[in-house]
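Structure, as structure tokens:
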Amino acid sequence: MKRNLYRILGVFIFFSLFLFQPNYILAQTDQTQRIAEYAEDNQLCFSCHGQANYYYQNDWMGKKVKERMNPYFIVDSVEYYQSNHWKFSCRDCHSADYGEFPHSGQLRMEPKFACLDCHAGDEQYAKFNFEQIEEDFHKSVHSSKHSEDFTCWMCHNPHSYKINARTNENMADFIQYDNEICLTCHADISKYQLLTTMENPNVLVTHNWLPNQVLHFKKVRCIECHTQINDNTLVAHNVRPKEEAIKLCVVCHSKESRLLASLYKYQFTNERSITGFSNEAMLEESYVIGANRNYYLNVISIGLFVLVFLGLCIHAFLRIIIKH
Amino acid sequence: MSEKIYLYPVWIRLWHWFNAILCLLLIFTGISMQYSDPALPLIRFDWSVSIHNIAGIILVLSYICFFLGNFLTPNGRQYFLRKGIVKNLIMQARYYAFGIFKGENPPFPITKEHKFNPLQKFSYIFVMYVTIPLVVLTGIMILYPEFLVIDFFGNKALHITHIIHVIMGFIVSLFLIVHIYFCTIGHTPLSNFKGMINGYHEIH
């Protein structure tokens, strides 16, 4: 009888393990099935600009010559078709004259589009408030210290950038994606020194003061502490000098956590959830001490504390008046 | 002149006061972090984190000392429950609720063999062998989150661990208040406190 009971319990525990397994199977996005209207046309460009080397017929030498592609002109076609701009033909943004090969030398003078050339004043993009983003960007240390050298493209490569926060259900993924944008320069001296002669500080050393550094790097984005939040934009772009970075823990670790206006801006609602947790949106991915309090647990604990304290006071009072 | 019996050897007294200081540090810094407010900081958050972490690690070592001390010395027998525990608990509770005010003698007088009355024994066992191990275990998991059983609980692992840690911490806080109050029930209100300093218990 007892053995049977153990067997039943064993089977129950075994199947429970399956019930508790997290859902690792990510929903397949349509990204893998994207077939761009201009894919064939674009493939002509990718045949050279998607490779480390390219070939051309050198009429002077009368033979086919192999040349190395400038690394800044290489576009990863896989990344491109996963990016926000995947629907575009290369020649929507670059001159139609690029259709001719070898390209004309004149095309080197072609001005590059800036983000607002397409995104400004368009109702379709009104919710992103690109005009405000640009204004904030110009106030940022990136723009003010490096003037025109620093453009939107430094962080948002038009050939690969994709919005994440609103579309990626896996928060860890989009935090990593966003942080890698910063680390592309701040953890790579060769890129960092394209814009400055300053020594690139070691991010791990400069953040030594942060308790549980690895967890912080995984759970929040650099911009949470290094930007000034603007309520009119979904993502803060006013990157402040390092002296102005937030180092006060309670700014995030409190009920009115700053994370609600930044990282959790998309999920945030003012209402307390049915489970009683404040700022429950955070609980999907983490637990922020000070920001995630449970209303019911608070009420029960305060109630118990008051009852115990009152009980002891009455007991002490009776002991004193009975003088025992 | 009251009768005195030697109840608390040096190692227990040292461990007790050391443990008391650690628990107070952990409770105050824990409350400060859990209810952190930029407008009303009890203790600076980063200080709280550091103090809580260091005190927590020392508490683990202190608990190992307590466990080994009770395992290797006869003091461990004080935590064995006697038969008829429910009846004894009710008798002791009745004494504290009514008998004490009528001048009755305690139903379980303190002796060298039985240092704790049934209520003390029950609460000490609950705190030292259930609450503290849980608070220590969850504390270690929070301090080293990579050891969390994420595969089993998914993203909620950190959340569940924190909730258990906070609830256990609250139970320890309540225990501390009740423990301090009941220590005033002795030969004089301060005699039990003195006993934990000089090792001698004054018979009530």
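The values are calculated or read from the model by the stated rules, or taken from the named source; none is laboratory data. All of these numbers come straight from a predicted model, not from anything done at the bench. Here Cβ is always computed from backbone atoms with ideal geometry, including for glycine, and neighbour counts include all displayed protein chains. Just the protein is used for accessible areas: all its heavy atoms, side chains included, with ligands, DNA and RNA removed. Shrake-Rupley method; radii C 1.70, N 1.55, O 1.52, S 1.80 Å.
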Checklist entry - Which distance in Å, rounded to a whole number, links the C-alpha centroids of the range A:196-211 and the range B:93-113? => result 65 Å
Checklist entry - Which GluC sites (Glu not before Pro) from the range A:43-145 combine a DSSP loop assignment with at most 14 other Cβ atoms within 10 Å? => result A:E100
Next on the checklist: Against the empirical 2.2 N^0.38 Å scaling, what ratio does the C-alpha Rg of the range A:142-189 come to?
Outcome noted: 1.29
Next on the checklist: What is the sum of charges, Lys and Arg at +1 and Asp and Glu at -1, for the other residues whose Cβ falls under 14 Å from the Cβ of B:R82?
Outcome noted: +4
Checklist entry - Accessible area of A:M109, 1.4 Å probe, to the nearest 10 Å²? => result 140 Å²
Checklist entry - Based on the Cα coordinates of the range A:114-247, what is the per residue volume of their convex hull in Å³? => result 123 Å³
Checklist entry - Can you give the Rg to Rh ratio of the protein assembly as shown, both from alpha-carbon atoms, with Rh computed by the Kirkwood formula? => result 1.14
Checklist outcome for this item: A correct Kirkwood calculation over the Cα atoms of the range A:86-169 returns a hydrodynamic radius in Å of 15.2 Å
Checklist outcome for this item: The ³J(HN,Hα) series, computed from each phi in the range A:309-315 with the Karplus coefficients 6.51, -1.76 and 1.60 at θ = phi - 60°, rounded to the nearest Hz and given as x for glycine or proline, is 4, 5, x, 5, 5, 4, 4
Checklist entry - Using a Förster distance of 56 Å, how high is the FRET efficiency between A:K162 and B:E3, based on the Cβ-Cβ distance and rounded to 0.05? => result 0.10
Checklist entry - Is there a pair in A:K87/A:K127; A:K323/B:K87; B:K121/B:K156; A:K242/A:K265; A:K218/A:K242; A:K64/A:K191 whose C-alpha atoms are over 31 Å apart, and which pairs would that be? => result B:K121/B:K156; A:K64/A:K191
Item to check | Per-residue HN-Hα couplings for the range A:209-218 [Karplus 6.51, -1.76, 1.60; θ = phi - 60°; Hz; x = Gly/Pro] | outcome: 5, 6, x, 6, 3, 4, 5, 4, 5, 7
Item to check | Rg/Rh (Cα only; Kirkwood hydrodynamic radius) as it applies to the range B:1-47 | outcome: 1.32
Checklist outcome for this item: extent check for the range B:28-90: Cα max minus min per principal axis, descending, whole Å, gives 53, 31, 10
Checklist entry - For chain B, what is one quarter of the convex hull surface built on the Cα atoms, given in nm²? => result 14.3 nm²
Next on the checklist: Between B:L61 and A:R68, how high is the FRET efficiency from 1/(1 + (r/R0)^6) when r is the Cβ-Cβ distance and R₀ = 41 Å? Nearest 0.05.
Outcome noted: 0.10
